[in-house]
Each structure stands twice: as structure tokens, then as C-alpha cells.
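First comes the structure, then the notes that go with it.
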Amino acid sequence: MADPLVIIGAGQAASQLMASLAQDGFAGEVCLVGDEPHLPYQRPPLSKKFLAGELAIDRLYVKPAAFYEEAGSRLLLGQRAERIDREGRAVILADGTRLPYSTLVLATGSRPRELPLPGAFYLRNIADVDVIRARLVPGKSLVVIGGGYIGLELAAVAVKLGVGVTVLEQAPRLMARGVGPIVSKFYARLHGEEGVVIRTGAVVRSLEGNGTIKRVVCDDAQYDADIAVIGAGAVPNVELAREAGLAVEDGIVVDAQCRTDDASIWAIGDCASQHHDLVGRRLRLESVHNALEQARIAAAAICGRKPPTIQVPWFWTDQYDVKMQMAGLSAGHDHAVVRGNPDTGRSFAVFYMREGTLIAVDAVNRAPEF
């Protein structure tokens, strides 16, 4: 009997891969290794409805348990992969178990970028949400270190729960890595209108307190805090791949079919770095769309079918009553066209151009534009 196809990681990329393998006619055994005790689940709701208590945990799951049972898949949850033996084609788990594979797919995802600030929290998984939610008590103060998507989504939930919120962003504007200045200015206004204190250009030096956090200290100011949460971006989980000798370049290097430089190993999702024609270079995209798309591409290739064409990347964020949907990648644009008024109200769209060609759009409460 052939060794199973082994997937390391239990996020949306892994779950979609299992579904796509079944759809594409894969007949072998599939074994999934995940270091959390949960079925594969969606991460975007963690900083939104799940944190707010508006979404039950079973609604986070990508597929119900019955799906994996009917597919005959083996789930090793709460298990950690320690090492990849490429020569022997096996994954060695933390408890010493040796798991042979015929094909190996790395869907190891990413983790929060850590800062040297002991006592702060991070929001990445269900356990993190449980800890943070218990501390979001009306009248308490929260300092969010980082003004990206996760930090601002957290701020939007917390202020609605009656928590005093301050967002400290080191860059000159919010969400600077993902949107243009027009959109950044809008979100600063939006959060200010909702009662969040926004400070850009803020460099955090330390957290102070006696056993528990009392304040966050910056170069030029101090901010009271009963809890501090860091949202400073993410780093890919590439250690297994690197230690196994696979090529790594801000992510596990894969080709157009998501195959690594080892013909029996693939990588998908947040951990994978793939050339993208839209920008003419290698990219590592942290998005649900990318995770699902790469899973479908890898499944088709593994099954000997023609993989789907890589699509234009898209993203979204929900904050208060505002949904922003983004298509394309706006970095490097030389002109922006605006529909609507971003200085008043909560509905507009920004179209980004490069040398006369449309390369991206940020649509705020404008689904048709998206």
C-alpha cells in the first residue's frame, strides 16, 4: 500500500487542498498534521465577529468533522511536525512518531511578528482570542501596537465593547503596507469618529507595570493600558522547510504549480513564495483567496490535471459598518482616481494606475466597484 499524502498545517489552505484532491479524483490516503486541537478553521473572523462573541466556534470550521470522516482522511490534531526526512520521505513528529509520505504538502502558514515587549499579547489563533476577549472589559484600556488590518479590526471590536482604545503605529500612516494614503487618511478619520485614539509615528520602547501592564512607553509619551496587543505583521513558518534544505526566500520557494525544488514536496498558503505575473516578481501573499487558490492549483497538479490560472489577488477588511474590498496590488502606482468623497461619509473607491493601466482598487462600501 502506498504511503499517504501528508499535509503539515491545518488552516484554510490545508482544508481546501483536501476538498480539491477529492474533487480531482485523488484516490490515495490523506493525512493532516495540525499543532492545534481544532479542525481546520478560518482565521479572518478571529479579529472580527469571533472576537466580538457574534460567531460560535463551530462556525469557524472550514468543513465539519463529517467531511474528513467521509473522505477517509486521517487527522493528527494537537501534533507538531519536528523534522522532514527528505531522503527517507518521512515527517518526524515531536513525540518521535515517523510518518512516511508519498507526497508532502507544507501549509504551515505564518505567525505574528514578535517585538521585544514582554507582557503583550498577540492575536493569531482561537486560544489567543479567548485570552484577549476575557480582558476586553468595559472601562478598561487597550493599547494596540500596530495600525495594520488586524490591529484596526481589534480596535473596532474593543471600542464597541466599551473599552478605551489607543492605536500606536510606527509608520507615518495606517495600513501603509496595504493601501494608499487616501485610504489611510479615511481610516484614521473613521476610527477617530468611533472614539479610538490614533497615534502615527509612535515608536514603542517598553511596557511598564508591576506584574501586570500599566502603561505603554513611547519616545515622547506614555499611554495607560490594562492590556497591550501587538499587531506588527506576520512572518512565514519556514523553519521545517529551511532545515530540510528547501529553497526559502521570504517564504518557501514554489513554482507555478506550487511545487518546491523537491519534486515530492509542495507548499501553499501564507508560507509559500511564488512568482506573480501582476507584479513581475516573487510574492508571498497572506490572504484567504491566495490560500484557496494555491490549494486548488496544487491539488490539480498532484492529480495530473491542468491547474487553474493564477487570478488577481483580492483581500477584505471589516471595521465597524465599513467593508473594504481590495483587488490587485497598489504598490508602485503613479496615479489614483477617486470615486466618491473619502473625506466625508463612508463610501468611496480608489482606483490605482501605473503608466495608464489599472493595477488595483480599494472599494470602501462599494461592492460594484470591487
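Please identify, among Gly148, Gly34, Gly25, the residue showing maximal mean-square fluctuation in a Gaussian network model of the chain using a 10 angstrom Cα cutoff.
In this elastic network of the chain, the residue with the biggest mean-square fluctuation among Gly148, Gly34, Gly25 is Gly25.
Largest first, please: the extent of the C-alpha atoms of the stretch 42-161 along each principal axis, to the nearest Å.
56, 38, 23
Could you state the principal axis extents of the C-alpha atoms in the chain, from the largest down, to the nearest angstrom?
Here the spans come out as 63, 56, 36 Å, largest first.
Taking all protein chains as present, what is the carbon and sulfur share of the accessible area of the stretch 290-360, in % to the nearest whole number, probe 1.4 Å?
Values: 1830 of 3440 Å².
Of all accessible area on the stretch 290-360, carbon and sulfur atoms account for 53 percent.
Along the charge dipole of the chain, Cβ charges K/R +1 and D/E -1, which of Val350, Ala263, Gln12 sits furthest on the positive end?
Toward the positive end, the furthest listed residue is Val350.
Need one number for the stretch 72-126: average projected area of the convex hull over its C-alpha atoms, nm².
Result: a mean projected hull area of 6.1 nm².
Based on the alpha-carbon set only, what is the convex hull volume of the stretch 12-87 divided per residue, in Å³? Before the final figure, lay out each step's value.
Details: hull volume 8.7 nm³, N = 76.
So the per-residue Cα hull volume is 114 Å³.
Please work out the average accessible area per residue across the stretch 7-156, using the 1.4 Å probe convention, and give it in Å².
That works out to 44 Å² for each residue.
Where only protein heavy atoms count, and the probe is 1.4 Å, what is the accessible area per residue for the stretch 202-315 in Å²?
Spelled out: the 1.4 Å probe surface of the stretch 202-315, per residue, equals 45 Å².
Please report how far the C-alpha centroid of the stretch 200-229 lies from that of the stretch 113-165, rounded to the nearest whole angstrom.
13 Å
For Lys140, which lysines qualify as cross-link partners when the Cα separation must be under 21 Å and same-chain residues fewer than eight apart are set aside?
Result set, ordered by chain and number: Lys48, Lys49, Lys160, Lys214.
Could you bin all the Cα-Cα distances of the stretch 273-370 into 5 Å bins starting at 0 and give me the percent of pairs in each, rounded to whole numbers?
Result returned by the calculation: 2, 12, 19, 20, 17, 13, 9, 5, 2, 1, 0.
Averaged over every viewing direction, what's the projected area of the C-alpha convex hull for the stretch 192-326? Give it in nm², one decimal, please.
Directional mean of the projected Cα hull area for the stretch 192-326 stands at 12.4 nm².
Tell me which lysines have Cα within less than 21 Å of Lys306's Cα, excluding those fewer than 8 residues away on the same chain?
By straight Cα distance, Lys306 reaches no lysines at all.
Hey, could you grab the Kirkwood Rh for the stretch 184-236? Inverse mean 1/r over distinct alpha carbon pairs, Å, one decimal.
12.9 Å
Please identify, among Glu36, Glu114, Glu69, the residue showing maximal mean-square fluctuation in a Gaussian network model of the chain using a 10 angstrom Cα cutoff.
Ranking Glu36, Glu114, Glu69 by mean-square fluctuation puts Glu69 first.
Using a Gaussian network model on the chain with a 10 Å cutoff between Cα atoms, which of Cys271, Cys303, Cys258 fluctuates the most?
Taking springs between Cα atoms under 10 Å, the residue moving most is Cys303.
Applying the Karplus parametrisation 6.51 cos²θ - 1.76 cosθ + 1.60 with θ = phi - 60° to the phi angles of the stretch 133-145, what ³J(HN,Hα) value in whole Hz is obtained for each residue in order, glycine and proline being reported as x?
These are the phi-based 3J(HN,Hα) values: 4, 5, 9, 8, 9, x, x, 7, 10, 10, 10, 9, 9 Hz.
Can you send over the carbon and sulfur percentage of the accessible area for the stretch 33-190, probe radius 1.4 Å, protein chains only?
52 percent
The values are calculated or read from the model by the stated rules, or taken from the named source; none is laboratory data. Only a predicted model underlies this, so the values are computations on that prediction, with no experimental measurement involved. Glycine gets a Cβ as well: all are built from the backbone with ideal geometry, and neighbour counts include every protein chain shown. With ligands, DNA and RNA removed, areas are computed over all heavy atoms of the protein, side chains included. Shrake-Rupley method; radii C 1.70, N 1.55, O 1.52, S 1.80 Å.
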